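Colleague: Submitted below is the structure of interest, expressed as structure tokens.
Nothing in this text is a laboratory measurement; each read-out follows from the coordinates by a stated rule. Note that the structure is a prediction, hence the values are computed from the model and not measured. We place every Cβ from the backbone using ideal geometry, glycine too, and count neighbours over all the protein chains shown.
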Amino acid sequence: MSTRRIVGPFNRVEGDLEISLDIADGRIAAAYVNSPMYRGFEQILQGKLPADALVLVPRICGICSVAQSAAAALALADAAAVEPPRNGRLSANLTLAAENMADHLTHFYLFFMPDFARAEYAGRPWHEATAARFRATTGSATGQVLPARARFMQTMGLLAGKWPHTLAVQPGGSTRPLQGSEIYRLHRILREFRAFLEATTFGARLEEVAALDSRDRLEAWRTQDGGGDLRAFLAIAADLDLWRLGRGTDRFLSYGCYVEEAGRRFPAGLWDGGPAALDTALISEDTARAWYAATGLPQHPAEGGTLPVAEKEDAYSWCKAPRLDGRAFETGALARQVVAGHPLARDIVQRDGGSVAARVVARLLELALVLPVMERWLDELAPGQAWCSEARLADETSGVGLVEAARGSLGHWLTVRRGRIHNYQIIAPTTWNFSPRDGTGQPGVLELALAGLPADATGAIPAAVQHVVRSFDPCMVCTVH
Amino acid sequence: MKLLWLQSGGCGGCTLSWLGSEHGALFDVLADEGIELLWHPSLSEAGLDDARTLIADCAAGRQAVDVLCIEGSLLRGPRGTGGFHRFGGGAQPMSDWVKRIAGLAGHVVAVGSCSAWGGITAAGMNPTDACGLQYDGEAGGGLLGPDFRDPSGLPVINVAGCPPHPDWITETLAMLARGRLGAAQLDDYGRPRFFADQLVHHGCPRNEYYEFKASAQKPSDQGCLMEHLGCGGTQAHADCNQRLWNGEGSCLRGGYACIRCTEPGFEEPGHAFETTPKVAGIPIGLPADMPKAWFVALAALSKSATPARVRENATADHQLRAPSVRRGKK
């Protein structure tokens, strides 16, 4: 006999989240993840001029705003068969990377770590120091991190005018040509951010962190002197065994991101017990358990539709259920690095699969990996050469834009008829991770990751549940859009 | 001053913008101004039952709320139920919670154009019947109705913008905490005048191009964006080019049009956002307070007087000609 508990609102998840838990014998027998807000962007976009998507879609999400812009720009570029000049491509990479870096930092310090300050952990050897450092809004970390983040976001002032919600990211490149002194100012900002990360987050050079190639090396590194907030987290992870908490499908998806001459810096692909190729034709969205009109079989997003219905038997979320070849996949920084072949990410996943600790470490690893690449892209900018190509869209066309937001794979599928948007379908990272069950009863990734965790039929929900939820860096406003 | 922040039909971007406060670490600034954050969905530790209890206490008057900040549109659909957003962990529509707490709060602040007017969520077919707290686009109304006043007699304070500048939010709250924001400090749309009594045009670095109607033809050109590329900066109320964004940015400095995001109804301009609508070659949207005949006459005159330097630079993505240097003059 199980007891049903409706748990929410989960906060620090960018938007609204509610989870129903079936609890039996002191454990979660089944979890049902509900995204309780619908705004209808796919309906809003219908009939609009294609270029207006560049104004509308970033406003799906205040935290993945540039990723949404980038996906729309790529979909429009695909539809117009245009490629940005080198400066435009580098600028797009820098802008997206800046957002992704800032999001990783925000997630770790503001959304994820404050849960270890909870009274539930009083008595753990690390609790007192952790509470002083990471308590929400008053911990010592926020006083350092917010100014460092604000300074880093000044990259956006130069690259994109402002953040969030820029129009600088265009299908043909960037509206913002940079000159020598502006590039130097960007360089200073990146150097300052590097200094902050090395002193505060890592207590080590970025290159040293990026070169860690196994769990054993990571553990050995943790016990070295140097301090830094990553080492503090790793100590907590070891104490609470966060390496074995919150295992999901262990199937990972990445669309790849940061377009370079030779292809994407982090390549697209799958991890399914081993590396595998990604065939996006196999993606479909299932609405069996979501509040949308039944459309028969699950559909590929290029053919998909969005018609909300307020009442539907067995439905419990505004989130559709994306599947690849009928199966749920996890996406995010961990997936991106496993697919890209980073040895630490691969070793982690081959030992214990996806976990709370794995997802958090992968995010911080990306901070160390990507900032040096941003420094290089900046050096490659060539003032005086072109920044933006003209994009002319045919009246009847279609396009696809696939990018990686901080929290995972984001896809836009666009169809234009008679010069207007006929259909615009979006699958966001958290749509993959926090999907409801599909027509076959297969749970979403978080639903799977929560099953089996200890929980009582009454009383407080354990912090472990919250660690698992937040380990995905969910963005609920993107999820449903 | 106790502050409660709730989110509904928006993107969370106002909060993310706010975190980029350039006044210093946001939470330190708030504490220094005597502003206590009762709860914020993205920033507070408390969640689940603790958060629900707090919100219920606020709605029942057991917990005083001096300022209620709402981010995101209020979703009235489907069919007036508010069911497109039920507050996590409960069956009650978010719009009900907002109505109840707004009726008890000392002041109500709409953070961003969604909660002010409806905003982007109300665009197109407005599938969720989204509206603002006290406006439905340009029309008074919205969730709370045109007659809503807080106990001090103020309407909803509309810190409009998509998103608002972080310091518009912080300064509005600080002025409330100091008792320095009265009706005289709000414009006709309830926007704090300290930012809304300016135009985006003020301080625009493309000013010389504007003066000579030397216009950009395509994205990445340096010229004025008003004539062809949809810029509404001469009509949009905000100080974006005086108080810069993320250090030294603004939409114009980023090379793209002002889409008038602080104005009600900006989400449906009636034309492509980045293309200027014209009649007989004259832009329909004239600068604020400018008589049309004068605009046409001045534009014609200034175009014929455009220096070659300005004309050539306007359609290039970098400076082709620098301002000339005069020699021999003291």
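Colleague: Take the Cα pairs of region A:3-480, get the Kirkwood Rh, then feed it into Stokes-Einstein at 4 °C and 1.567 mPa s and tell me D in µm²/s.
Modeller: Estimated via Stokes-Einstein, D reaches 57 µm²/s.
Colleague: If you wrap chain B's Cα atoms in a convex hull and average its projection over all directions, what's the area in nm²?
Modeller: Answer in nm², one decimal: 20.3.
Colleague: Please state the charge dipole magnitude for the protein assembly as shown, taken about the Cα centre, from unit charges on C-beta atoms (+1 on K and R, -1 on D and E), reported in debye and rounded to the nearest 20.
Modeller: Values: 78 positive and 88 negative charges, 335 e Å.
Charge dipole, the protein assembly as shown, about its Cα centre: 1600 debye, nearest 20.
Colleague: Oh, and also: Kindly point out, ordered by number, any Cys in chain B whose beta-carbon has no other cysteine beta-carbon under 4.7 Å away.
Modeller: B:C11, B:C14, B:C58, B:C69, B:C114, B:C131, B:C204, B:C224, B:C231, B:C240, B:C251, B:C258, each lacking another Cys Cβ under 4.7 Å.
Colleague: By how many degrees, between 0 and 90 and to the nearest 10, does the Cα long axis of helix B:166-177 differ from the longest principal axis of chain B?
Modeller: Roughly 50 degrees, rounded to the nearest 10.
Colleague: Between region A:131-203 and region B:244-298, what is the C-alpha centre distance in whole Å?
Modeller: With region A:131-203 and region B:244-298 each reduced to a Cα centre, they are spaced 29 Å.
Colleague: Quick check: the angle from helix B:292-304's long axis to the longest principal axis of chain B, C-alpha only, nearest 10 degrees?
Modeller: Once rounded, one gets 50 degrees.
Colleague: Ok, one more. Provide a whole-number value for the mean count of partner chain Cβ atoms within 10 Å of the Cβ atoms in peptide A:51-58.
Modeller: Neighbouring Cβ atoms belonging to other protein chains average 5 per residue here.
Colleague: Let me ask another. Taking chain B as a Gaussian network, Cα atoms linked when under 10 Å apart, which of B:I284, B:I259, B:I101 shows the biggest mean-square fluctuation?
Modeller: Ranking B:I284, B:I259, B:I101 by mean-square fluctuation puts B:I284 first.
Colleague: For the ranges B:85-97, A:167-179, what's the packing order if you count other beta-carbon atoms within 10 Å of each residue, average per peptide, and put the highest first? Intermediate results must be reported in sequence, preceding the final value.
Modeller: Values: B:85-97: 21.6, A:167-179: 27.5.
Descending packing order for the listed peptides: A:167-179, B:85-97.
Colleague: When the Cα atoms of the protein assembly as shown are enclosed in a convex hull and the volume is divided per residue, what value in Å³ results?
Modeller: Spread over its residues, the Cα hull of the protein assembly as shown gives 165 Å³ apiece.
Colleague: Hey, could you grab the Kirkwood Rh for region B:118-229? Inverse mean 1/r over distinct alpha carbon pairs, Å, one decimal.
Modeller: Taking every pair of different Cα atoms in region B:118-229, averaging 1/r and inverting gives 16.6 Å.
Colleague: Further, regarding this structure: I'd like the mean, over residues of A:28-40, of how many other protein chain beta carbons sit within 10 Å of each residue's own Cβ.
Modeller: 5
Colleague: Using the 4.7 Å Cβ rule, please list in number order the cysteines from chain A without any candidate partner.
Modeller: So, A:C257, A:C319, A:C388.
Colleague: Looking at this model, which pairs from A:K162/B:K218; A:K48/B:K218; A:K48/B:K303; A:K162/B:K292; A:K48/B:K213 are more than 24 angstrom apart at the alpha-carbon?
Modeller: Table pairs above 24 Å Cα-Cα are A:K48/B:K303; A:K162/B:K292; A:K48/B:K213.
Colleague: Rank the residues A:M476, B:M290 as a footprinting-exposure proxy: fewest other Cβ atoms within 10 Å of their Cβ go first. Could the numbers behind the result be given before it?
Modeller: Values: A:M476 27, B:M290 12.
So the ranking, lowest neighbour count to highest, is B:M290, A:M476.
Colleague: If you restrict to DSSP beta bridges whose two residues both lie in region B:2-194, what percentage is antiparallel, to the nearest 5?
Modeller: That works out to approximately 30 percent antiparallel.
Colleague: Considering amide H positions built from the backbone, and no H for Pro or chain starts, which residues 5 or more places from A:Y292, or on another chain, come under 5 Å of its amide H?
Modeller: Counting only residues 5 or more places away or on other chains, the set is A:V309.
Colleague: Would you work out the relative contact order for chain B, in percent, from Cα pairs under 8 angstrom that are 6 or more residues apart?
Modeller: Reported as a whole number, the value is 15 percent.
Colleague: In whole Å and largest first, what semi-axes does the C-alpha gyration tensor of region B:2-194 yield when each eigenvalue is scaled by 5 and square-rooted?
Modeller: Gyration-tensor ellipsoid for region B:2-194: 23, 20, 16 Å.
Colleague: Report Rg(Cα)/(2.2 N^0.38 Å) for region A:253-340, keeping two decimals. Before the final figure, lay out the partial values.
Modeller: Details: Rg = 15.6 Å, N = 88, 2.2 N^0.38 = 12.1 Å.
It is 1.29.
Colleague: Ok, one more. Using just the alpha carbons, could you tell me how many Å³ per residue the convex hull of region A:62-126 encloses?
Modeller: Convex hull of Cα atoms, per residue: 94 Å³.
Colleague: Now, a different point. At a Cα cut-off below 23 Å, give the lysines reachable from B:K2, other chains included and same-chain residues fewer than 8 away excluded.
Modeller: Output for B:K2: B:K99.
Colleague: For chain B, modelled as a GNM with alpha-carbon contacts under 10 angstrom, which of B:A214, B:A293, B:A160 fluctuates the most?
Modeller: Evaluated over chain B, the most mobile residue of the options is B:A293.
Colleague: Please identify, among B:D32, B:D167, B:D136, the residue showing maximal mean-square fluctuation in a Gaussian network model of chain B using a 10 angstrom Cα cutoff.
Modeller: Residue with maximal mean-square fluctuation among B:D32, B:D167, B:D136: B:D32.
Colleague: Give the value in nm², to one decimal: projected area of the alpha carbon convex hull of region A:430-481, averaged over all directions.
Modeller: It is 4.4 nm².
Colleague: Then there's this: If Rh is defined by the Kirkwood formula over all Cα pairs and Rg also comes from Cα, what ratio Rg/Rh do you get for region A:146-291?
Modeller: Rg divided by Rh gives 1.03.
Colleague: If one takes the longest principal axis of the Cα atoms in chain B, at what angle in degrees, from 0 to 90 and to the nearest 10, does the Cα axis of helix B:48-60 lie?
Modeller: 90
Colleague: To continue, here is another question. Give me Rg over Rh for region B:198-319, both radii from the alpha carbons and Rh done the Kirkwood way, two decimal places.
Modeller: Result: Rg/Rh = 0.94.
Colleague: Using a ≥ b ≥ c from the Cα gyration tensor of region B:10-116 (square roots of the eigenvalues), is it rounded, prolate or oblate, where a/c under 1.5 gives rounded and otherwise the larger of a/b and b/c decides, a/b for prolate?
Modeller: prolate
Colleague: In addition: Taking each pair of different alpha-carbon atoms in region A:330-402 once, compute 1/r for the pair, average those values, and report the inverse of that mean as the Kirkwood hydrodynamic radius in Å to one decimal.
Modeller: It works out to 15.5 Å.
Colleague: Do you know the relative contact order of chain A, to the nearest whole percent, from alpha carbon pairs under 8 angstrom that are 6+ apart?
Modeller: Relative contact order of chain A: 26 percent.
Colleague: Under 15 Å from the Cα of A:K312, which aspartates and glutamates turn up, not counting those fewer than eight places away in the same chain?
Modeller: Partners within reach: A:D286, A:D438.
Colleague: Something else now. Could you work out the Kirkwood radius for region A:307-351, taking every pair of different alpha carbons, averaging 1/r and inverting it, reported in Å?
Modeller: 13.4
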